[in-house]
Structures are given as structure tokens and as C-alpha cells.
1. With the condition kept exactly as written, say whether any residue in segment 84-104 is touching a strand residue (DSSP E or B) at 6+ places or on another chain (Cβ under 9 Å), over 22 Å from Thr159 (Cβ atoms) and of a type outside the set (Gly, Ala, Ser).
2. Filter segment 338-351 for residues that are surrounded by fewer than 23 Cβ atoms within 10 Å (Cβ to Cβ) and within 16 Å of Ile303 (Cα to Cα) and give the result.
3. Anything in segment 835-868 that is in contact with a strand residue (DSSP E or B) (Cβ under 6 Å, 6 or more places away or on another chain) and hydroxyl-bearing (Ser, Thr, Tyr)? List them, or say none.
4. Does segment 206-222 hold any residues that are modelled with pLDDT of 90 or more, out of contact with any helix residue (DSSP H, G or I) (no Cβ under 6 Å at 6 or more places or on another chain) and farther than 11 Å from Val266 by Cα, and which are they?
5. Residue by residue through segment 805-831, note down the ones that are hydrophobic (A, V, I, L, M, F, W, C) and touching a helix residue (DSSP H, G or I) at 6+ places or on another chain (Cβ under 8 Å).
6. Restricting to segment 280-329, and then to whatever is aromatic (Phe, Trp, Tyr) and modelled with pLDDT of 70 or more, can you tell me which residue is farthest from Ile242 (Cα to Cα)?
7. Having 1 or more residues that are touching a residue at least 40 places away in the same chain (Cβ under 8 Å) and among the small types (Gly, Ala, Ser) is the bar; report the strands (runs of 3 or more DSSP E) wholly within segment 461-561 that clear it.
Amino acid sequence: MVQNLSADSVKGAIRDIVPYLESLNDTVYKAIYFDGWANGLGASAVLRAIAEQHSFLMKKFDKVIHIDCSRWKNRRALQRAIADELKLPQQVMSLFDRQDEEDDFSMVDEGSRAEIGEVARVILGSLLQYRCLVLFHNGSNDVVDLYGCGLPPPGISGTTVLWTFGGRLRRGYEVKVDKSHVFISSKVSNWNFLVWEEAKVISLYTRKLGLGITLGIVRECLLYLLTLDNRGGKIMDYNWLIHASNYWVCDGIIVGGQESNKAWEVAHALHQEIRLEDYPVHKQSNWRDDRFDAPSNRWICIINPHIHLKTRPTQGTTTLFLACQSGSAQPLASLLPNDMFHQADQLHVLKLCRCSFSFLSPPFHSCHNLRFLGLDRCTDSPQGGEGEEKDRQALEIFQRLWVLDLWNTDWELDFPQETEEQMAANIREIYIKKGRIWHNHLAWRRLQNLHKLRVIEPTCSWVTGKMDEFTDMVKLEQLDLSGNSTIQVLPSLSKATGLKTLVLDGCIGLEHICPEGLPPSLETFCLDAGSDPKFSARLSKISLAGCVHLKNFLLRGALPELEELNLSGTSIRKVDLSDQVVQVRGLEKLFLIGCKQLRGILWWEGSRELNVLCISTHGRNSDDLRPSYSDSSPIIIQRKKYNGYVIASDVRIIQSLLIRSFFLITRSLYLHLYVPPSSSSSKGQSISSEAAMSKACHYGDVLLQLHGVVTIAYGEITSWPAPLNFHVEVGEGISFTDMESDKAIEAMNLIMERQNGSLHVHDNSRILTVTPKLSSLEQAQLRSHFIILKWCRVERCPKLEAVFHSYGSRATYFFHQLKTIWASDLLTAGSIWRKGTVADYSINFKALQSIHLHNCPRLKYVLPFRGYTLPSLETLNITHCGDLRQVFPWDDPRRREVKKFQNLKHIHLHDLPSLQEICEGGMFAPMLESIKLRGCWGLRRLPAVGRSHRRPVVHCEKDCWEELEWDGLQAGHDPSLYELHPSSSYYKKKRLLRGTVLR
């Protein structure tokens, strides 16, 4: 249903809309869409006014919910705005941050982040009993289902939705409203009130910035934009997205442009709050500029000047845009007579498009207050008698400018030194595209007031000279050299200490980018090499190491020669190397050391691996994060070569080590997960230990920047087997059970099930088990998972409940490659393998050779038996486990039987006072060589050994030997089949009573 209102004010619109709000639930319509006046103007103001003055609606509605998403981000941000409006408790609001963090690690695109189901249920539960009016400013390009965010559907609770696409001066959008909505718009009779209302809404956003942006300034800036855009939008390229703020300052609407940066900050802030991207080139508006209350002749746009010569700038004109339509047959030179600007002494902004005039004697040289000059496709029309005096007229123009915008125009002038000095004092921004403004390159370093410089596709080759073009340009914030394909070496920017943005799109002649020439202030780096095979990029190395403020890094196009990328010490959150964005088929080395904010990496398709990968998400207090060299050699740690070395504080980083969620990005990997200590003493100790290790490493200079290598290189594990090709070390602060996203869980399981060779978990007060968490789907499935571990060491984890645990799921595990397990100082662990965890297949534990357990005081058992055996077990070593009753109980006692340990040679049991038997149901160990028992007072049976092998040597207390029970020679279980070592002649000492004092 479409309804047209006749209201000419916000109050009038509210009066006309209210009946629709009150009766919507009695109709078949889902919601009400309000289009405002003239395709969007004023709509946002009406919704905001209803939200602020809604008392007259409270007879019909219990709650009014105002949701302003005119600056669209994603559906989750919309849901957060609803939750904020409802003031939901902090534990609910924290779900947004938690899910955003999960999506950061899973590399979910910002615009694709959806609602959170748990939050939606809370919102629905809190509103279900109320009749709600929802006022929604929709900044997206599509109709949004608010009910998916948790709002009650109208059929259930009587919810009414009034919404609009309008807001922030948005225009040009396509209204996508189907017939299930009531469509309301209003005819325009008073345009000026609309501008005033839009200004009031926008000023609410800018007021929060504390820059003193008054309502009058906002209104005048909007009038400037609307008036000019409607006078020449089909022909004139205003380039609002880049220059709107420059126009406002240079015109004088926002004063103080030369005295300080305040005016430019105000203009930029206002610029950010208006949807200027909705003001595309050559798109005509339906708005009537002649009805705006704009000053007469102040802001002028002249199209086809040979037709409108009567329209000339006057003394009151501050802005003039002048263009000739393409295809005009009239000679352009005649359209700009020399006296055209004689009365325009107050002209501040001038842009000429497709015009011709004398470059040595421009007709606008008399405009002594000119601040902005824009030239687009302008040509020189020499006049007779031009000499030195007229040449000076042209030069004087540039002495006054604050902003120069030159497109498709070659204006060649020789700048004497005094002119350069004057320009250095005034000019702030220069934009040159497909043109030039001097014979030889101006000494850029003289323009020390320059804040923004864009030299894009110049018509003359870039000359690097002494590479000091940007020396001491401390105010330079943005540098764009796009299209300079002849540059081979980037000019030094290290002294441009205020530089924040560097754009090098199309600079395919560059051979390398090194950090020595870049300032640490850099925040954004962009390089698009294009995809034209005729112009292949030569870049082989990019290093932005040490640019500590770098947050945005974007490579695009084809970079076939790129071999090394180093972003160490930056603040980037993600690195996108996907084929859809950039093609780096030759990339071999990637360094991301000291990147504390790193959340994820997107890789290419296929299974191509990196030769060297170094990642550390731990902070580093280092003055130099730039490796002095790097070759193609793998990293060497503890006599083992690794292609990948990763240190991280969050286990979810594992997602970024996989290609296509299946293949590891390097052929071998050393992964160290831990949260570093905060104390300065710990840091100092770590750094000194790292220095001692560097001698043993290729890339020693790189590894010195990696926290955690101290625990890997030297120390108490020197007698332990060297880490395998895929090694995971887990330290303090890491838990495998805290992950929530299925993608992160699947990545961790893939590492454990398919890639991992060795695992060392130590000094961790959070971890409950080393078994990875299963996704919700896998937990419900009766499925077995492979744990590809060859050795596992777990120590000093006080909260660990079981080394391997399925946590109530139906999943079981295979350990068919495990050779060695070591567990020590696990104060609360009740078992090593929890009952129900191990798959009942004969291949399980076929490679297990040794079990070492120490100081696990709450341990009840080690491994519950099922149908499998331990055919390769050679050593069983258990000490100081006070609660241990059985080493190998049966998972199902009804199936218990004598188990054969074919290769068991050594048993060492020490201080196990509760131990009753080694294997429930009995055990047969025909190859047994030695048994060492001490403090095992409850043990009554040794393994049967048979008669076919030499007698095993037994070390134990005499009285312990005397209390053992035997099955006889026929069963291969008799004292005569064992050799009691002479040291076993002593008896255990009587325990002293508590409190006894020896004298």
C-alpha cells in the first residue's frame, strides 16, 4: 500500500503517520516504511522526533525502541544496538565481544557477521509481554528482518515497525520495499525546513566529538552540497567523497583554515557523518536547488559557459564550478574571456572542467583570495605578448593556494625558489592525476606544510634523484603514488614522521620495499599490482617491520616475483593472501613477529606450502624488528629443522595455519601456545635465554624476537627425544576446551588428528585435558577420532582432570602411533586415559613403548583395557602416585582377562602405597627383565613371566617380597622364576607416629 502525505513539517508528518502506527496490527501489513520528502530527506528526523516525544503513543504501546543503524556495519551490530537500547545485562552484552573475537580468528568478513542466537532469545524473552513500537534507521541496501535479531513478530505480541532507508543526507538508493509494507512518502512544499531538520540530526552525531560544530555550520555545509550538486550533477564531477571537506574550509563556511588544523578537523568530522558515497558522479537528483535558501550568486555552477556568459562570478561569489559539456562544438577558449573574473575578488573555490585559457596569463589571476583550484581536462590557449610579467601572474596563483586538484591537464611552469617557499607556507593538499604542473619535479621537501599528496599516473616519469624528496615533511599524512610504474626504488619516507597512509597501486617497477625508508607512524598500506600480464610487477620483497601503528595492510593483483613478506612489529589484525585478492605464487617466506593484534591469515587455494613461516603474537619491546638477513633455509631448533615457527597466546590461531581448512601451510611446524607472564623479571629472563639460543639457529636474528624459545631449546628436556616434524608446546593460560566456533574446533582437531607428531604441555593452570574440544555435531556422533601423536609429555598442570578425556561425548579416540607418554606433577588428575575415551580396536596402542608417570597424587588408574593390547610396551615407570590402585583396569570389568605384554622389559614402581595390582585380571610379560618396587605396600601380584626367558631381576623391600601372592609354576608365576636382587634383603622401616620427637 502506498500513501502520500501533504505534511510540510516534522510535526505534521508525525500527526499523519500516527494513525497508521495505531492500526497496523489490524491489517495484513508487516511494517511501515517512511520515505520522507524527495527520496529520503527528513525521514530520519521524523523517526527521531517520534522517539524523543513518544508519550502520546504510550496508550497504544508499552515500549518504544529506537534503533539508529544509518551508518551500517552488519546484522550483528544491529542486534547490539537493540541490546543497548534495552539495556541488557553485561553478561549478555559480553557475548557480542566474544563472538566477534571468534569471528576475527575465523576470518569471517566484517559485513557478513550475523545475529547471535543466544542474544536473540534473551531479547525475545524480555519483550514478549510488551506491545512495542520499533523505529529503525536502516543504513543497509536491503530490507532487514528485525525479528531474526530477537524482536517479537507482530502476530505474537503486536509489535509495530516504522523504518526508513533515509538518514545522514543519504540519496540515490534504490527503495526495496515489497507489498507487505505500507509505503508512506510526503510531497515537498518547504525545502528549507528539510535541510534544517537534516542538519539537526547530523549535528547530534558530530556533537559527541567535542569539536564545537554548530548547527549553523552543519546547515550551511549541507546547503553548499545540495545546491551545487543539483546545479551540475550530470556534468560536473565534484568529487565530494574526496573534496567536500576541502570545499567547506576553502570557501570559508568553516573558518580558520590557515591559522590552525582545527577547521580541517571539524570539516573532516562532518565529512564522516554524511553519506557522501551516495553522491555518485553524473547522477541527477530530484531535489530542487532553487528552493533552497542559499545565498544568491555565492555558490555557482555554470554548464556550457558559451551559452551562459551572462552568469559570471560577482563580488559575492565564493565558489565557482565551470564546465563545458563533452561533445560541444563551440571553441572553448572564447568561453573564458580575460575579464571574466575581474569582479570575483572573493572567489575562494574554483574548478574548471574542459576549459581552455592562457596558462601564462590565467583569467583568474586577479582572484587574490583563491584557496582551491581544480583543473580537469583543461588546455593552454596562448595569447600574443605573453612575457615575464604574465608568467609571474600564473606563479602568484599558486602562492595563494591551500589545495590544488589537477586532472588530465599539463600545466608546465618553472617555479623559482621564492615561489616554492611561498607555496611551502600555504599549500596543504596536492592532487595530480594524469597531469603535471612543472617542467621538473618540484622539490617536495620544500612543501613542509603539505598534509596530503597524490601523484597518480603522471604524464612524466618519476625521478627519484637523491631519494630525499620527502625529507622533513613531518606534516605529510597521506601519500598516493598510484600509477607511477617507472619507480624502481621508493623514496625514503623515514623522516615524514606524520605519514599515516601510503598507496602504491600500479607501482609495478618497484623491486623491494624496506622498513628503513618508512616511518613507524604508518597506519595504512595499499598496493594493487593489477592483473595485466603485459605489465608484470617486479616486486620481490615487502618489509614493513617496525611500523608499529600499521593496522590496514592490503595487497591486490598479481605479484609473481614476491618471495618475502615481513610485517613484524605491526598492529595488523589480518593478512589476506587469498587468490581472490592477491596472487603470490612465488611467496616463500612470511614473518609476523611481535604482531600482538594478529587474528588470522587467509591463504591461497591449492596445497602450495611456505618454506619459512615465523609468527609471534606476543609483544616485544624491541627497537629493531627487522631481520638482518633471511635465506631459504628452514629454522633450526634443538637440532631439528622447521619450516614454520609459531608462538601465540590463543589456540584459535591454528585456523590460520591451514590451507583450505585441511593442509598445513608449512611442511614442518613448531607451534608454541602460551600466555606470557606480565612481570618484568620474567621478560628479562626470557630475553637473555633467547639470546643464548640464537647461535644454534638459522634465522637466529629472527628468533631472538620470539618469546618462548627458551623453553624449547635448552633445559630439563635435553634427554627427551627431539621434537618431531609437527610439534605443539602448550604453556600457561591455554585451554583446549574454551573454543566456541566450530571452525576453530575443527582446526585444532585436524592438527591433533592428522598433523601433530609430538606434544609438550607444561606449567598450565587452566587446561583440563589435552584432548581437543569437539564440535556440537561431533559430540553427538558415535565416531572415533585419530590422535596422531608419537610422544606426549604433560607436566605441572594442577587443574588437569585427565590427559585424554572425551567429556561425556560419544566420541572415542585412536592412539595407534603413540610411542611415549610422560605425565608428572598433575595434582588433580584422576587418570591418564579416562574410561570410555579409547576406541575398542586392536590397532590402538600398537606402537606404545614407554609410560612415565611421576607425582600424580590423585591418580586412580592409567589406561582402562578393552579389546586392544600393548604389544610394544617396554617400560612402565610410575613414581609418587599415592592414590593409584590399578595401572590397567578394565573398562568393562565383566570382560576382564589376563593380558599379554609381549615386549615389556622394565617395571619401576615407587611410592605407590595404594597400588593393589598392575593389571586387573592378571598380566603375562614373557620378556620382562627388571622390576623395581619401593613403597608399594599393597601390591600382591607381579606379572607372570613363564619359563622360556631368563629370570627378571627384582628390586624391592624384603617384607614386600614376602607378602606377594603366587599362582605356581604351572601358571608361570612362581618366586623361583624371578631373581631377587641382593639389595632387597632390607625391611621397610616402621613409620613413626605423628608428633614423635627423635632425641
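1. For segment 84-104, residues touching a strand residue (DSSP E or B) at 6+ places or on another chain (Cβ under 9 Å), over 22 Å from Thr159 (Cβ atoms) and of a type outside the set (Gly, Ala, Ser): present.
2. Once the filter is applied, which keeps residues that are surrounded by fewer than 23 Cβ atoms within 10 Å (Cβ to Cβ) and within 16 Å of Ile303 (Cα to Cα), segment 338-351 yields only Met340.
3. Those that are in contact with a strand residue (DSSP E or B) (Cβ under 6 Å, 6 or more places away or on another chain) and hydroxyl-bearing (Ser, Thr, Tyr): Thr837, Ser850, Tyr861.
4. Within segment 206-222, Gly216, Glu220 meet the criteria.
5. Looking only at segment 805-831, we keep the residues that are hydrophobic (A, V, I, L, M, F, W, C), and these are 811, 814-815, 818, 821-823, 826-827, 829.
Ala811, the sole residue that qualifies.
6. Within segment 280-329, the first condition is being aromatic (Phe, Trp, Tyr), and the residues that meet it are 287, 292, 299, 321.
Now restrict to residues that are modelled with pLDDT of 70 or more: 292, 299, 321.
Values: Phe292: 24, Trp299: 19, Phe321: 16 Å.
Here the residue is Phe292.
7. Once the strands (runs of 3 or more DSSP E) in segment 461-561 are filtered for at least 1 residues that are touching a residue at least 40 places away in the same chain (Cβ under 8 Å) and among the small types (Gly, Ala, Ser), what remains is 541-543.
Okay, residues lined up against (1) among the charged types (D, E, K, R); (2) assigned to a loop (DSSP other than H, G, I, E, B); (3) within 15 Å of Phe364 (Cα to Cα); (4) modelled with pLDDT of 70 or more:
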site	(1), (2), (3), (4)
Gly384	no, yes, no, no
Lys390	yes, no, yes, no
Asp414	yes, yes, no, yes
Glu418	yes, no, no, no
Gln422	no, no, no, no
Ile432	no, no, no, yes
Arg445	yes, no, no, yes
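The values are calculated or read from the model by the stated rules, or taken from the named source; none is laboratory data. Note that the structure is predicted; figures quoted are calculated from it, not measured. Positions of Cβ are generated from backbone atoms using ideal geometry, with glycine treated the same way; all protein chains shown enter the neighbour counts.
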